[in-house]
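Take a look at the structure below.
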Amino acid sequence: DSGVTQTPKHLITATGQRVTLRCSPRSGDLSVYWYQQSLDQGLQFLIQYYNGEERAKGNILERFSAQQFPDLHSELNLSSLELGDSALYFCASSVGPSGGLETQYFGPGTRLLVL
Amino acid sequence: AQSVTQPDIHITVSEGASLELRCNYSYGATPYLFWYVQSPGQGLQLLLKYFSGDTLVQGIKGFEAEFKRSQSSFNLRKPSVHWSDATEYFCAVGPTGGGNKLTFGTGTQLKVEL
């Protein structure tokens, strides 16, 4: 158990819909990262927040957005969902802002299926 | 651009045999390298990491990896594989892209024959 929690574990929805994925980082960690794992794209970094502020951005679609709240939990919002958005979405956390230099601890993921 | 290549999509070894999973990277500076293991329903777990210093790093579960700058490689090894090691392994490099993200390889699926 990494200490990172993600809800829900599974999500099934329809095209065009909007969903929210939630992540709680390990106690004491200020950075939260979101990754997408799909069969065709592999594991891709989406976005990082550090202490409530956006820190780094990766291959995140404009239909996707994220935020980190004062209690440090984070939410990833996916809107106008398409079939290709079906994937496993991971959240990770680390102590500080320099994720590449620190160990990132991953949650169990949320599996999203868009029908 | 930074990248990570795991040349072997699948590898099969017999239980008790030695294991080596290959990882090659492309990075403009001194890389920070990681090996993660993905177990179903449990996300990604860090096996080991290399930041600097000794190029042979020890990790959890009996794994080790060696950083070879001349070959741009960071291969994962285990002297004797157990059936419970059968899962998917990912090599990663960071930070990349001007931010703090990790760039992952495509993964190697390990099968262990009893």
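So the values come out like this:
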| read-out | value |
| --- | --- |
| Karplus-derived 3J(HN,Hα), 6.51/-1.76/1.60, for each residue of region B:22-36, Hz, glycine and proline x | 8, 8, 10, 10, 10, 8, x, 10, 5, x, 9, 10, 9, 10, 10 |
| Cβ-based net charge around A:ASN51, under 13 Å, with every Lys or Arg adding one and every Asp or Glu removing one | -3 |
| Förster radius 22 Å - calculated FRET efficiency between B:SER52 and A:LEU61 (Cβ-Cβ, nearest 0.05) | 0.05 |
| Peptide B:41-52 - average C-beta neighbours from other chains (10 Å radius) | 4 |
| Mean separation of Cα contacts under 8 Å (6+ apart) over length of chain A, as relative contact order % | 37 |
| Charge tally in the Cβ shell below 11 Å around B:GLN109, where Lys, Arg are +1 and Asp, Glu are -1, B:GLN109 excluded | -1 |
| Proximal charge balance of B:LEU76 [Cβ under 13 Å; K/R count +1, D/E count -1] | 0 |
| Taking chain B and dividing mean pair separation by its residue count, relative contact order in percent (alpha carbons under 8 Å, at least six apart) | 37 |
| Pairwise Cα inverse-distance average, inverted: Kirkwood Rh of chain A (Å) | 13.9 |
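FYI, it's all coordinate maths here, none of it is from the lab. Computed from a prediction, not measured in an experiment: that's the story for all the values here. Note: ideal-geometry Cβ built from the backbone for every residue, glycine included; neighbour counts use all protein chains shown.
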